[in-house]
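J.: Questions regarding the structure given below will be posed in turn.
The values are calculated or read from the model by the stated rules, or taken from the named source; none is laboratory data. Quantities reported herein were computed from a predicted structural model and do not represent experimental measurements. Methodologically, a virtual Cβ is constructed for each residue, glycine included, from the backbone with ideal geometry; neighbour enumeration extends over all protein chains shown. The accessibility values were calculated without ligands, DNA or RNA, using every heavy atom of the protein model including side chains. Shrake-Rupley method; radii C 1.70, N 1.55, O 1.52, S 1.80 Å.
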Amino acid sequence: MEIVFNAEELEKIETIKAKYPETKAALMPTLWMAQKKWGWLSPDVMRYVGDLLGLTYAHVEGVATFYTMYFKKPMGKFHLQVCTNVSCMLRNGDKIYHHVSERLNIGHMERTDDGVFSLEEVECMGACGDSPMVAVNEDFYENMSIIKVDELIDSLKKT
Amino acid sequence: MIPNFQKILLPEIDNLSDINIYIANGGYEGYKRAISLSPDGVTNEVKKSGLRGRGGACFPTGLKWSFMPKGTDKPKYLAVNGDESEPGSFKDRQIFEHNPQQLIEGIMIAGYAMNIKAAYIYIRGEYHKWVDLMQKAIDEAYEKGFIGSNMAKTFGNDYSIDIYLHKGAGAYVCGEETALMSSLEGDRGYPRVKPPFPAQKGLWGMPTTVNNIETIATVPQIFRIGAENYSKIGASKHPGTLLFGVSGHINKPGVYELPTGTLLTDIIYDVCGGIPGNKKIKAVIPGGSSMPPLRGDEIDGIMMDEESLKPFGTHIGTGGIMVMDEDTDLVKLTLRIAHFYHHESCGQCTPCREGCGWLEKILKRIYNGEASSRDLDLLVSVSNNIEGNTICALGDAAAWPVRGFVTKFRSEFEKHVKQSRTFVPQNVVHGKLNTRNMLVENI
């Protein structure tokens, strides 16, 4: 697969660049676009983004590895993010995490062999009021329990 | 009892996020009132209102604005901090969802006061949905000509501002103002040494002001109801309303807008319906996980504003109240907090990078029952050596809760240590009496 943005995406990157006085600032939004398109940031993708914005590979990789939400390896179709931070932990978020981990037989930042699920133990996602919470890709599922998370995984398996 | 007050940030109006409904309910009147004053007049009005920053440091907002240099040709920037990664804090999300136009109006007023042409709203990466909602609100404001190139024409003066969104990608430290600027510039989110302060050398080396989302969203109401009226809401030294995010062991968790100075017990029992199962309260963290905790027996009569919390060695922070009932394992909880800060330390300063790791390791040892009681003193000592020795406040944020829990709940930690002590301390058998009466037999 050739790693290249299409014309429409390149145009979008131009509008992003125009938001900032310096091109370098467009790096984070461009990495987001790249991750959306290719699912994760492989070294080739990072090199391509760097060339596109006139940045060194070292800088791009430095930024990509600093932020936890940029994936440095392929993740599952459904990326399950289970919060175990204080507010969720007080309401058994950690038990949900261990349950999911055992059920899918994967650990933190691992994915199942069929590539459908991946799991991440996330730090606070800002849903403390409806804790415990689980996020699937970009969607928040709040007020979770072990039963509810099982149902969620079952329903995701069917899609 | 909670006194009657007017809601400033989240009034109970349906679909307020719709720009037309916002306008119908007095929206953008605050900006019109503001531009009838001079820019300095606007800053003075904010000073008069007594508004203090809502990001945790409680710095007076008007004073911060007045630090921006005047009469310079350099471009100036406003960064609005919606990184909101503090565990226990989930208030800005409500503003993005329910009252985004008021945030935009606040940015316009702040921009007018400091003559800023471009503002960046930094929203944490996890808030995908809320980034979209905020972007929609900004697009609507552009369409109406309230911001952007048509703005001057709409309001009949020569001031205009552009507002951009910047999405983070999961780094707690980016909530620190200088780290946020690094992140906006396309670098790793490394905090910078102050001085130079952002007002002198901020985004791209230009004068910059960084304000919290909640702070900026409050500003329009100051101009609608008047600074004097605003300063009368809540506690006199820390006036206004705060968004309290209540979570943990509580019957009705959520975000509640209440005047500052509200009794903590009123919030817990009256507003949030008390503790599940009518259990007793062991501890309360008053302002997000980085603030030292309050013991259950301390919370009576505590008012929720910065000045009232200070004597108890803690702070209002971001207003994220976390309640822990009597059955909570505080060692596990402290370990989780320490793990968080170890994970989020950016790694620039040795005391924080190494110290947070040590805190986590020692706490893990205590939790697993492998520690001796001097490890408790070691925890306090490591915390003391992190605090104040780092570029940004993340070091303090890691040290405060650990030290707070260990000192305020020492017996709880001692229990973990004693029950599973792996060696018998020598001095138990060294008493003279012991030696004469029973020790000989034992040996």
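J.: Just one of the numbered conditions (1) open to solvent by 60 Å² or more (accessible area, probe 1.4 Å); (2) part of a helix (DSSP H, G or I); (3) of a type in the set (Asp, Glu) is not true of B:Glu12; which one?
T.: Against the list (1) open to solvent by 60 Å² or more (accessible area, probe 1.4 Å); (2) part of a helix (DSSP H, G or I); (3) of a type in the set (Asp, Glu), B:Glu12 comes up short only on (2).
J.: Answer with yes or no whether B:Ser89 is more than 9 Å from chain A (Cβ to nearest Cβ) and of a type in the set (Ser, Thr, Tyr).
T.: Judged against the criteria, B:Ser89 is not a match.
J.: Right, another one. Any residue at all in the range A:32-54 that is aliphatic (A, V, I, L, M), in the same structural domain as A:Ile146 (by TED's automatic domain parsing) and open to solvent by 30 Å² or more (accessible area, probe 1.4 Å)?
T.: no
J.: Could you tell me which numbered condition B:Lys64 fails, if it satisfies all but one of (1) open to solvent by less than 70 Å² (accessible area, probe 1.4 Å); (2) over 25 Å from B:Gly320 (Cα atoms)?
T.: Against the list (1) open to solvent by less than 70 Å² (accessible area, probe 1.4 Å); (2) over 25 Å from B:Gly320 (Cα atoms), B:Lys64 comes up short only on (2).
J.: May I pose another question? Do we find a residue being modelled with pLDDT under 95 and among the polar types (S, T, N, Q) anywhere in the range A:103-125?
T.: No, that holds for no residue.
To keep it simple, each residue is scored yes or no on (1) away from every other protein chain (no Cβ under 14 Å); (2) in a loop (DSSP other than H, G, I, E, B); (3) out of contact with any helix residue (DSSP H, G or I) (no Cβ under 9 Å at 6 or more places or on another chain).
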{"position": "B:Thr43", "(1), (2), (3)": "yes, no, no"}
{"position": "B:Val46", "(1), (2), (3)": "yes, no, no"}
{"position": "B:Trp65", "(1), (2), (3)": "yes, no, no"}
{"position": "B:Lys70", "(1), (2), (3)": "yes, yes, no"}
{"position": "B:Lys74", "(1), (2), (3)": "no, yes, no"}
{"position": "B:Ala79", "(1), (2), (3)": "no, no, no"}
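J.: How many residues, within the range A:120-139, are at the interface with another protein chain (Cβ under 8 Å from one of its Cβ atoms) and surrounded by 16 or more Cβ atoms within 10 Å (Cβ to Cβ)?
T.: Looking only at that region, the number is 11.
J.: Here are the criteria: (1) part of a helix (DSSP H, G or I); (2) within 20 Å of B:Phe409 (Cβ to Cβ). Tell me which single one B:Asp266 does not satisfy.
T.: All conditions pass for B:Asp266, except number (2).
J.: Right, another one. Please verify whether B:His249 is away from chain A (no Cβ under 14 Å), closer than 22 Å to B:Met322 by Cα and not basic (Lys, Arg), treating the condition exactly as stated.
T.: Taking the combined requirement at face value, the residue does not satisfy it.
J.: Mind checking whether some residue in the range A:4-21 is open to solvent by less than 40 Å² (accessible area, probe 1.4 Å), at negative phi and among the polar types (S, T, N, Q)?
T.: no
J.: How many residues does the range B:340-349 contain that are in a helix (DSSP H, G or I) and in contact with a Ser or Thr (Cβ under 9 Å, 6 or more places away or on another chain)?
T.: Of the residues in that region, 4 qualify.
J.: Follow-up question, since we're still on this one. Being under 24 Å from A:Ala18 (Cα atoms) and either more than 14 Å from every other protein chain (Cβ to nearest Cβ) or crowded, with 24+ Cβ neighbours inside 10 Å (or both) is the requirement here; does B:Asn99 meet it?
T.: Answer is no for this residue.
J.: For B:Ser149, are the conditions met, namely being over 21 Å from B:Trp65 (Cβ atoms) and touching a Gly at 6+ places or on another chain (Cβ under 6 Å)?
T.: no
J.: Out of the residues in the range B:116-136 that are touching a Gly at 6+ places or on another chain (Cβ under 7 Å) and facing another protein chain (nearest Cβ under 9 Å), state the one that is surrounded by the fewest Cβ atoms within 10 Å (Cβ to Cβ).
T.: Taking the candidates together, the pick is B:Gly125.
J.: If you check A:Glu142 against the conditions, is it more than 10 Å from chain B (Cβ to nearest Cβ), in contact with an Asp or Glu (Cβ under 6 Å, 6 or more places away or on another chain) and farther than 24 Å from B:Tyr341 by Cβ?
T.: yes
J.: Now a separate question. Considering the range B:186-205 alone, what residues qualify as being surrounded by 18 or more Cβ atoms within 10 Å (Cβ to Cβ) and either within 9 Å of chain A (Cβ to nearest Cβ) or not in a loop (DSSP other than H, G, I, E, B) (or both)?
T.: B:Gly186, B:Asp187, B:Arg188, B:Gly189, B:Tyr190, B:Leu203
J.: On to the next question. Quick one: is B:Tyr164 within 30 Å of A:Leu41 (Cα to Cα), within 12 Å of chain A (Cβ to nearest Cβ) and surrounded by fewer than 23 Cβ atoms within 10 Å (Cβ to Cβ)?
T.: yes
J.: While we're looking at this one, here's another question. Scan the range B:137-159 for residues that are in a helix (DSSP H, G or I) and either open to solvent by 70 Å² or more (accessible area, probe 1.4 Å) or not polar (S, T, N, Q) (or both) and jot them down.
T.: Scanning the range B:137-159 gives B:Ala137, B:Ile138, B:Asp139, B:Glu140, B:Ala141, B:Tyr142, B:Glu143, B:Met151, B:Ala152, B:Lys153, B:Phe155.
J.: Open to solvent by 40 Å² or more (accessible area, probe 1.4 Å) and at the interface with chain A (Cβ under 8 Å from one of its Cβ atoms): is that true of B:Tyr172 in this structure?
T.: So B:Tyr172 fails the test.
J.: Given the structure, is B:Ala398 under 25 Å from the mean Cα position of the chain (by Cα) and buried (at least 18 other Cβ atoms within 10 Å of the Cβ)?
T.: Considered against the rule, which asks whether it is under 25 Å from the mean Cα position of the chain (by Cα) and buried (at least 18 other Cβ atoms within 10 Å of the Cβ), B:Ala398 comes out as yes.
J.: So, restricting to helices (runs of 4 or more DSSP H) that lie completely within the range A:18-91, which ones have at least 1 residues that are closer than 30 Å to A:Glu142 by Cβ and within 12 Å of chain B (Cβ to nearest Cβ)?
T.: Here the list reads A:27-38, A:57-66, A:86-90.
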